[in-house]
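Here the structure comes first, spelled out in structure tokens, and everything after it is commentary.
Nothing in this text is a laboratory measurement; each read-out follows from the coordinates by a stated rule. As the structure is a computational prediction, the values presented were derived from the model and not from experiment. Neighbour counts run over all protein chains shown; Cβ positions are idealised from the backbone, glycine included.
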């Protein structure tokens, strides 16, 4: 394959939070692939890419990667994309796979990458880091992630309750992902550990509907969203 | 204070890894403060900022913040900077505090911020996230930080041995900071836990002398550096 595959993190949503390098590589690419997993984020990633791509000169491919419970159900979509990308690389094209946030942190790209690396072992992939939703949420909430010798844990709130409790006891900062599914449990646990006042809820950071809620007792069911996290400080 | 204080993360060192927003705010600022803590990183942050600042129109202030063992020894430097920044804000200036990496993750800015917030409570600080050395190291090493429901821990390798062992058992990805001080212990622990082959050493990411070493057994004392980390995957 004589082409070049580059994963570019476009940042959390604000079109200005892409890096200079990411923006340049999107502008220079022959083909830009924009994954669409979820309708609410699709238009956001597109908004960022649309401002950079010149449709007279470049090809923009939108590919749907539905989020399913079982990885096996998603695999055919990744397989198809891997074969398509390999074909473009064989033609010598420079292909950018654009992904929200950072390509190496909980991204859509990582699923593609696993399948691509299995099917085409040895094919090189360059990775351009992006601002992840975690860094963006910390900035928006005004809450540092870690200073000096602080310990930081990032994990799904859906993790076993006992081990979540253990993590909250051991770490200075805990970032709880996927919190919408188990919000009441999380809130009770934070109250039990006396860390409710140190917690802040950030919903849809960088996206339309971005909200920061500092008093977790104010949160209602309608405030919860798939794209939300809780930052727990010291 | 009628001015505006903005902390801008300039990224890990590559001048192209600053965000569009960070670059714009540095170009628009009246005053840019570049902290100098350590001679080896000073020139790097400067290189990034120098390409953006127009000295005919803007003021570039270099301020030395030496790294000492005791926070109390560093405090006078932060105090002096806080008073200086407050003075600029009182004059209505827009001041950018530029910091390597991300302002809210193990940055020089955070020490300044603590002192500034104590001395001038209520003064607003805007934060523009940057690419941290952790995201940059993962990208350079080709090692994802986390996928799906993975748990990630970031902590100093100087942490108690038993608790480090516990963290390595509990988390899918462990990022060990400050690893140069205790490298032999860390290597032995990773060997004991069967995770040596999943570990990669990244030195001076984004800076001159950037090195990725995938076989930790190859690492000699002279490879160790204050600015290094070990990424431990599954």
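Things worth noting here:
- Taking every alpha-carbon pair in chain B and binning the separations at 10 Å intervals from zero gives 7, 30, 31, 21, 9, 1 percent.
- The reciprocal of the average 1/r between distinct C-alpha atoms defines the Kirkwood hydrodynamic radius, which for the stretch B:4-128 equals 14.4 Å.
- Helix B:161-170 and the longest principal axis of the Cα set of chain B meet at an angle near 80°.
- Spin-label pair residue A:27/residue A:123, simplified geometry with 7 Å Cα→Cβ offset, distance in nm: 2.8
- For the residues B:203, B:169, B:63, a GNM of chain B with alpha-carbon springs under 10 Å puts the largest fluctuation on B:169.
- Between the Cα long axis of helix A:108-119 and the first principal axis of chain A there is an angle of about 50°, rounded to the nearest 10.
- The protein assembly as shown, Cα convex hull volume normalised per residue, Å³: 154
- Euclidean distance between Cα centres, the stretch B:143-188 to the stretch A:141-185, Å: 16
- Residue by residue along A:172-183, Cβ atoms of other protein chains within 10 Å of the local Cβ number 1 on average.
- Cβ neighbours within 10 Å from other chains - mean over A:134-140: 6
- Sorting the segments B:149-157, A:119-127 by their residues' average number of neighbouring beta-carbon atoms within 10 angstrom, most packed first, yields B:149-157, A:119-127.
- Counts of other chain beta carbons within 10 angstrom of each beta carbon in peptide A:91-102 average 1.
- Additional length obtainable on full extension of the chain from residue B:50 to residue B:185, 0.36 nm per residue less Cα span: 44.6 nm
- Nitroxide proxy distance, nm - points 7 Å out along Cα→Cβ at residue A:149 and residue A:225: 3.9
- Simple label model, 7 Å out from Cα along Cβ direction - residue A:195 to residue A:62, nm: 4.0
- Label spacing, shortest first and in nm, from residue A:64 to its equivalents in the remaining copies (7 angstrom along Cα→Cβ): 6.2
- Looking at the stretch A:4-128 alone, DSSP beta bridges between its own residues are antiparallel in about 5 percent of cases.
- 0 to 90° range, to nearest 10: angle between helix A:39-50 axis and chain A longest Cα axis: 50
- Taking the DSSP beta bridges with both ends in the protein assembly as shown, the antiparallel portion is around 35 percent.
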